[in-house]
Amino acid sequence: MNDHKETIFISGIDTDAGKSYATGWLACQMAAQGRRVATMKFIQTGCDGRSEDIEIHRRLTGTPLPEDYDLTTAPQIFSYPASPHLAARIDGRSIDFKAIDSALRRLSECYDTVLVEGAGGLMVPLTDEMLTIDYPLQRNMPVALVTNGRLGSINHTILSLEAIVSRGMKLHSLLYNTHFDTDVVIAPDTQAYLREYVERHFPGTPFMLVPTL
């Protein structure tokens, strides 16, 4: 058994970067190495009583977790498909960060690795004063950033990496989701550019290709 515990925050370069798929895929890779892995959606919007993103994780891993049934893996769910600060306002309640932290502690006690999927990109507001990036920053979590080969992704990725660096945070990995490689000219160049950028500016940090299954 591996006694090394870790919690990794999974974010993306924008709202539809492929975070959920990449989170489930990364969980599979870590489980194949013998680690006990849980995935968590810390705030889910656009759902009612369930987390669509957790369902994506489980389709990829093939196994539900006991903690799915009492929503430990999705402790905050809001109905409107918007950024958390707006979704919470529409539902007439505040985000309960104590509930999120309590769920995270429970998962951390039972698993070697907990992958915490964020909501949208790093600068998505959680409250009027707090951005998504503040959550892993305050809890000293490394960030795995999900990117892809769409036009504009280089700009969005570097801006996200700059935000991580400027706050003194650790980049766990850059996860390149190949699902979006639809342009045969732009996608290969984007992948090559970002791989070299990570090698130059974050030496030793994994650049991981997330395959399309």
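Values quoted throughout were computed directly from the atomic coordinates according to the rules given, and no laboratory measurement underlies them. Keep in mind that this is a model prediction, so the values were computed, not measured. A quick note on method: Cβ atoms are made from the backbone with ideal geometry, for glycine too, and the neighbour counts reach across all protein chains shown.
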task = Specify the inter-centroid distance of region 32-70 and region 188-213, based on alpha-carbon positions, in whole Å.
result = 26 Å
request  = Tally the DSSP beta bridges in region 111-213 and give the antiparallel ones as a percent, rounded to 5.
outcome  = 10 percent
request  = Just need the Rg to Rh number for region 119-213, please, alpha carbons only, Kirkwood Rh.
outcome  = 0.98
inquiry  = Taking the number of other C-beta atoms within 10 Å as the exposure measure, put LYS98, LYS170 in order starting with the fewest.
reply    = LYS98, LYS170
ARG89-LYS5 FRET efficiency (beta carbon distance; Förster radius 30 Å; 0.05 resolution) = 0.30
remark   = Sorted by chain and number, the residues with a modelled amide H under 5 Å from that of VAL124, at a separation of 5 or more or across chains, are THR132, ILE133
note = For the chain, the dipole about the Cα centre with charges only on Cβ (Lys and Arg +1, Asp and Glu -1), to the nearest 20 debye, works out at 340 debye
